[in-house]
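**Q** So that we are looking at the same thing, I have put the structure below in structure tokens.
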């Protein structure tokens with residue numbers, strides 16, 4: 001494929017990324033973009049060109065060692081979840097935008113720590129960026145079938161790199177607030193993660209199943225190659241130690257690489273997204289590594305004895321098989337891996353460059369001037385910074401890295417980055433760790449790495465240029481490495497162990513011996529015990545001095561703008577109940593202002609700015625600890641108050657619902673009394689009327705007298721029955737009506753009831769159908785009460801049964817330890833919505849057909865209470881013709897059945 | 001390590017160090033073929049997938 005075509009393709013590809021990024025920014029609050037999967041995929045930025053090409057190169061030439069770069073992070077993931085969660089909490093409340101910012105803040109808002117960490121990272125990451133550029137250049141030449149030229153000006157790959165550098169500089173510096181989320185960039189990185197995975201899997205499938213006849217065929221052919229066995233197993237104790245060391249190195253790098261910090265911490269939207277990332281990223285790493293071994297060994301088989309670069313086997317194999325489509329897709333996958341890494345690394349490096357080096361050192365005097373408006377300048381610095389860093393990486397690649405494999409340069413970068421480990425982990429978990437310990441430890445470790453790894457590499461690169469003609473053996477580094485490696489460790493593990501050992505030792509000893517200041521101690525407490533302070537961190541900031549809100553406000557306006565400053569101040573005053581006219585700033589305001597500025601210019605520069613308008617008093621360490629203790633106690637008290645408040649709220653809700661229940665009961669009682677009064681008044685009125693007639697009319701015929709007297713007796717009986725039922729109901733409701741249980745056969749009780757009511761069946765010509773007469777199981781029950789239930793149900797059925805013939809059907813069944821009785825008639829149906837209501841006290845149906853009978857309206861209500869007292873159920877249901885009232889009781893109804901608990 | 005979940009994650013990290021390093025690594029340190037892949041890769045990748053699954057089970061939100 002021609003160079004111009006590839007460059008056009010690259011521009012189109014970058015255009016696609018740009019469109020995706022713009023779309024993501026437009027819909028920045030969309031569910032997909034703010035969800036955990038995009039976040040997890042962005043963490044896969046770990047897989048750069050090193051994974052895509054370098055791993056295949058190592059697998060082909062050295063064997064298993066490439067796996068350590070992924071085994072380290074795999075082992076790290078359980079710890080990663082816990083540690084990154086802690087850092088996210090710290091970063092969110094302190095507006096931290098980079099790992100240099102984190103360490104600078106932890107060690108007392110230290111300019112020097114921020115600067116040294118940034119310098120170290122830039123020193124380490126530039127070669128790493130050079131690797132990405134090398135990958136782009138090499139693969140470009142493979143795809144276009146061209147050769148790298150000695151002059152970069154006539155090398156087309158240089159212009160490809162230039163386009164990527166301009167794109168990164170333009171895109172990566174669009175946000176002034178460094179701690180702000182960049183949904184566009186993250187969406188583009190997530191998309192690139194999908195593309196690089198898909199295309200590498202495609203290449204793997206192509207190699208295994210189209211170039212070779214499956215994995216067994218590939219294995220059989222590869223196993224005949226020289227060194228296959230040795231390369232695909234760990235070589236004894238020596239190999240195991242190196243394997244362990246390299247795993248440890250990548251374990252540490254996964255936490256410390258600036259691009260990993262950026263995507264994991266700065267771009268994290270919700271803490272819970274870590275849960276998805278913690279399993280999805282290992283799965284991603286698994287998939288992307290699945291075909292590395294087959295591609296590597298496929299390449300070894302196909303190109304045996306030829307001088308080809310194993311790093312680009314993924315491109316060479318489809319090209320060799322004359323498959324242009326797969327070659328191009330693999331190239332695009334590699335481009336995705338490179339561009340995503342380059343953009344994220346450039347953004348994080350440029351933020352460190354401006355916030356930790358240029359602003360606190362280069363512009364330390366200018367930033368205090370009231371006429372200095374930094375927004376545009378900082379953005380411009382970041383743009384130039386990204387571009388220059390990439391150009392530096394390009395120079396590095398053209399000058400040094402051309403002769404090195406990707407992995408060897410990458411590993412040196414990893415060892416340099418690993419020198420941050422003591423400061424990083426110590427700062428999070430050890431309160432005594434201090435600035436001096438960090439600086440001396442880091443210096444020691446970096447010096448060891450420079451002497452053992454970087455210097456020999458530089459000397460080797462210059463050899464032959466006539467500048468530094470020092471032989472490696474004369475210099476002695478190789479000899480030193482051999483000695484300290486004790487004949488077991490390879491150079492990288494040896495340098496890692498010795499540098500980390502001395503770094504950690506110096507860090508610990510100096511931290512213990514050196515005096516710490518109150519600011520460091522303050523942040524040590526806040527970092528290590530972040531869970532105590534996360535809800536009220538602003539109260540844990542110790543500061544004493546004189547400062548005015550109006551002075552700080554002027555600084556905020558310069559960096560945040562008038563509108564945002566006023567909004568922030570309004571919120572702060574409301575939240576902390578500070579009057580608008582109050583101008584004296586306290587510790588809370590100082591911390592609040594520092595946080596606002598830290599997001600834009602980093603924690604160190606923010607501190608410098610605030611210090612310029614405040615007079616801070618020194619506080620002794622003991623006092624800091626006392627204040628922190630007090631603060632911790634207040635926070636605990638606040639938590640307890642919140643907890644007590646919550647309990648009070650629950651109690652209040654409970655009381656309210658109890659009150660509502662009482663009001664309902666009261667209303668029910670009033671309704672009940674009204675109905676009872678009405679029901680009692682009806683027979684009393686009849687009795688009174690009849691009695692008055694008998695008293696006032698002496699000449700009343702005997703026949704009428706007797707009728708009135710009969711009425712008085714009937715109504716008195718009715719009154720008596722009603723009062724008995726009301727009392728019965730009240731006894732059930734108050735729980736005073738104890739049942740007297742004995743074992744009885746339900747059919748026997750039913751027989752007795754039916755015998756009593758037989759004359760009614762005869763007089764009304766009602767046909768009785770009995771089912772289940774054979775059921776003679778004994779049931780624990782109160783016979784008198786069940787007799788009452790039967791009387792009521794059969795009595796009701798007698799009232800409502802109609803038609804020719806009128807029918808009542810009674811069924812007794814036994815099922816699963818429960819006896820069920822159904823009493824049905826062929827009268828009118830009950831409206832469906834009233835089926836449950838008929839068991840209420842004094843219920844009267846709206847249906848006129850159901851009103852025809854006389855009754856107290858309490859019969860079914862009493863039945864329900866009797867059945868419930870037997871731990872049973874009672875219900876009504878409509879039949880095709882008529883209504884069935886059913887009840888069920890357990891065979892031993894003395895105790896509540898288990899399934900109803 | 002306040003919660004049980006945190007303790008389990010910590011233990012899992014330790015177990016992974018053991019599984020992927022000497023001496024346990026020597027239990028599967030062989031280039032012999034399993035499904036056309038060296039045994040070392042097959043075992044390592046199975047452990048890898050299991051790790052992802054275990055972390056998922058440990059961290060999944062039980063309340064949905």
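The values are calculated or read from the model by the stated rules, or taken from the named source; none is laboratory data. Worth saying up front: this structure is predicted, and the values here are computed from it rather than measured. As a convention, Cβ positions derive from the backbone with ideal geometry for all residues, glycine included, and neighbour counts pool all protein chains shown.
**Q** What tally of residues in segment A:565-603 results from selecting those that are under 25 Å from residue A:377 (Cβ atoms), surrounded by fewer than 18 Cβ atoms within 10 Å (Cβ to Cβ) and touching a helix residue (DSSP H, G or I) at 6+ places or on another chain (Cβ under 8 Å)?
**A** Of the residues in segment A:565-603, 1 are under 25 Å from residue A:377 (Cβ atoms), surrounded by fewer than 18 Cβ atoms within 10 Å (Cβ to Cβ) and touching a helix residue (DSSP H, G or I) at 6+ places or on another chain (Cβ under 8 Å).
**Q** May I ask you to list pairs of residues, at least six apart or on different chains, whose Cβ atoms are under 7 Å apart, with the first in segment A:670-682 being within 14 Å of residue A:717 (Cα to Cα) and the second being part of a helix (DSSP H, G or I)?
**A** Close Cβ pairs (under 7 Å, with a partner that is part of a helix (DSSP H, G or I)) amount to A:679/A:722; A:680/A:719; A:680/A:722.
**Q** Another question, then. Please verify whether segment B:16-23 includes one or more residues that are over 28 Å from residue A:59 (Cβ atoms), surrounded by 18 or more Cβ atoms within 10 Å (Cβ to Cβ) and at the interface with chain A (Cβ under 9 Å from one of its Cβ atoms).
**A** Going through segment B:16-23, the residues over 28 Å from residue A:59 (Cβ atoms) turn out to be none.
Within segment B:16-23 (the criterion being over 28 Å from residue A:59 (Cβ atoms), surrounded by 18 or more Cβ atoms within 10 Å (Cβ to Cβ) and at the interface with chain A (Cβ under 9 Å from one of its Cβ atoms)), the answer is no, since none of the residues qualifies.
Quick grid of which residues meet (1) touching a strand residue (DSSP E or B) at 6+ places or on another chain (Cβ under 8 Å); (2) in the same structural domain as residue A:293 (by TED's automatic domain parsing); (3) free of Cβ contacts under 8 Å to residues at least 40 places away in the same chain; (4) closer than 30 Å to residue A:301 by Cα:
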| residue | (1), (2), (3), (4) |
| --- | --- |
| A:49 | no, yes, no, yes |
| A:55 | no, yes, no, yes |
| A:63 | no, yes, no, yes |
| A:79 | no, yes, yes, no |
| A:85 | no, yes, no, no |
| A:89 | no, yes, no, no |
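**Q** Let me ask something else about it. How about segment A:737-799: which strands (runs of 3 or more DSSP E) wholly inside it have at least 3 residues that are under 27 Å from residue A:829 (Cα atoms), touching a strand residue (DSSP E or B) at 6+ places or on another chain (Cβ under 7 Å) and modelled with pLDDT of 90 or more?
**A** On the way: elements: A:742-745, A:766-771, A:778-781.
Passing ranges, in order: A:766-771.
**Q** If only one of A:552, A:557 is part of a helix (DSSP H, G or I) and free of Cβ contacts under 8 Å to residues at least 12 places away in the same chain, which one is it? Show your work before the answer.
**A** Numbers: A:552 fails: free of Cβ contacts under 8 Å to residues at least 12 places away in the same chain.
When all the criteria are applied, what remains is A:557.
**Q** Related question: Among what's in segment A:260-281 and is more than 14 Å from residue A:186 (Cβ to Cβ) and assigned to a loop (DSSP other than H, G, I, E, B), pick the residue that is farthest from the other protein chains (Cβ to nearest Cβ).
**A** A:271
**Q** Ok, one more. Go through segment A:57-69 and count every residue that is buried (at least 24 other Cβ atoms within 10 Å of the Cβ) and in contact with a helix residue (DSSP H, G or I) (Cβ under 6 Å, 6 or more places away or on another chain).
**A** 6
**Q** Something else now. I'd like the residue in segment A:236-256 that is facing another protein chain (nearest Cβ under 10 Å) and closer than 30 Å to residue A:306 by Cβ and, out of all such residues, is surrounded by the most Cβ atoms within 10 Å (Cβ to Cβ).
**A** Per the stated criteria, the residue is A:243.
**Q** Taking segment A:206-220, which residues are assigned to a helix (DSSP H, G or I) and either surrounded by fewer than 14 Cβ atoms within 10 Å (Cβ to Cβ) or at the interface with chain B (Cβ under 10 Å from one of its Cβ atoms) (or both)? Give the derivation first.
**A** Filtering segment A:206-220 for residues assigned to a helix (DSSP H, G or I) gives A:206-211, A:214-220.
Correct list: A:208, A:210, A:214, A:215, A:216, A:217, A:218, A:219, A:220.
**Q** Looking at this structure, is residue A:447 surrounded by fewer than 16 Cβ atoms within 10 Å (Cβ to Cβ) and at pLDDT 75 or above? Lay out the reasoning, then the answer.
**A** Numbers: surrounded by fewer than 16 Cβ atoms within 10 Å (Cβ to Cβ): yes; at pLDDT 75 or above: yes.
Yes, satisfied.
**Q** Just give me the residues in segment B:27-41 being within 7 Å of chain A (Cβ to nearest Cβ), free of Cβ contacts under 8 Å to residues at least 12 places away in the same chain and surrounded by 15 or more Cβ atoms within 10 Å (Cβ to Cβ), in sequence order. Steps first, please.
**A** From segment B:27-41, those within 7 Å of chain A (Cβ to nearest Cβ) are B:29-31, B:33, B:35-38, B:40-41; that's our starting set.
Imposing the further condition that a residue be free of Cβ contacts under 8 Å to residues at least 12 places away in the same chain reduces the set to B:29-31, B:33, B:35-38, B:41.
Those that are within 7 Å of chain A (Cβ to nearest Cβ), free of Cβ contacts under 8 Å to residues at least 12 places away in the same chain and surrounded by 15 or more Cβ atoms within 10 Å (Cβ to Cβ): B:29, B:30, B:31, B:33, B:36, B:37, B:38, B:41.
Okay, residues lined up against (1) at the interface with another protein chain (Cβ under 8 Å from one of its Cβ atoms); (2) in a helix (DSSP H, G or I); (3) more than 24 Å from residue A:290 (Cβ to Cβ); (4) touching a strand residue (DSSP E or B) at 6+ places or on another chain (Cβ under 7 Å):
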| position | (1), (2), (3), (4) |
| --- | --- |
| B:7 | no, yes, yes, no |
| B:25 | yes, yes, no, no |
| B:43 | no, yes, no, no |
| B:46 | no, yes, no, no |
| B:50 | no, yes, no, no |
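**Q** Now a separate question. Within segment A:221-235, is there a residue that is part of a helix (DSSP H, G or I), modelled with pLDDT under 90, within 14 Å of chain B (Cβ to nearest Cβ) and buried (at least 21 other Cβ atoms within 10 Å of the Cβ)? Before you say what the answer is, go through the steps one by one.
**A** Step one: list which residues in segment A:221-235 are part of a helix (DSSP H, G or I), which gives A:221-222, A:228-231.
Remaining after also requiring modelled with pLDDT under 90: A:228-231.
Now drop any that are not within 14 Å of chain B (Cβ to nearest Cβ), which leaves A:228-231.
The next check asks that each one be buried (at least 21 other Cβ atoms within 10 Å of the Cβ); those that pass are A:231.
Yes, the conditions are met somewhere in segment A:221-235.
**Q** Given the criteria at pLDDT below 80 and under 20 Å from residue A:335 (Cβ atoms), does residue A:140 qualify? Lay out the reasoning, then the answer.
**A** Working: at pLDDT below 80: no; under 20 Å from residue A:335 (Cβ atoms): yes.
Criteria not met by residue A:140.
**Q** What is the residue count in segment A:610-630 for residues that are buried (at least 16 other Cβ atoms within 10 Å of the Cβ), more than 36 Å from the chain's Cα centre (by Cα) and in contact (Cβ under 8 Å) with a residue 40 or more places away in the chain?
**A** Going through segment A:610-630 one residue at a time, the tally reaches 3.
**Q** Taking residue A:535, is it under 30 Å from residue A:85 (Cβ atoms) and within 14 Å of another protein chain (Cβ to nearest Cβ)?
**A** In short, no.
Table: residues versus (1) touching a residue at least 60 places away in the same chain (Cβ under 8 Å); (2) loosely packed, with under 14 Cβ neighbours inside 10 Å; (3) within 30 Å of residue A:665 (Cα to Cα).
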site: A:732; (1), (2), (3): yes, no, yes
site: A:739; (1), (2), (3): yes, no, yes
site: A:747; (1), (2), (3): yes, no, no
site: A:759; (1), (2), (3): no, yes, no
site: A:805; (1), (2), (3): no, yes, no
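**Q** Of the residues that sit in segment A:31-56 and are modelled with pLDDT of 85 or more and surrounded by fewer than 22 Cβ atoms within 10 Å (Cβ to Cβ), which one is farthest from the chain's Cα centre (by Cα)?
**A** A:37
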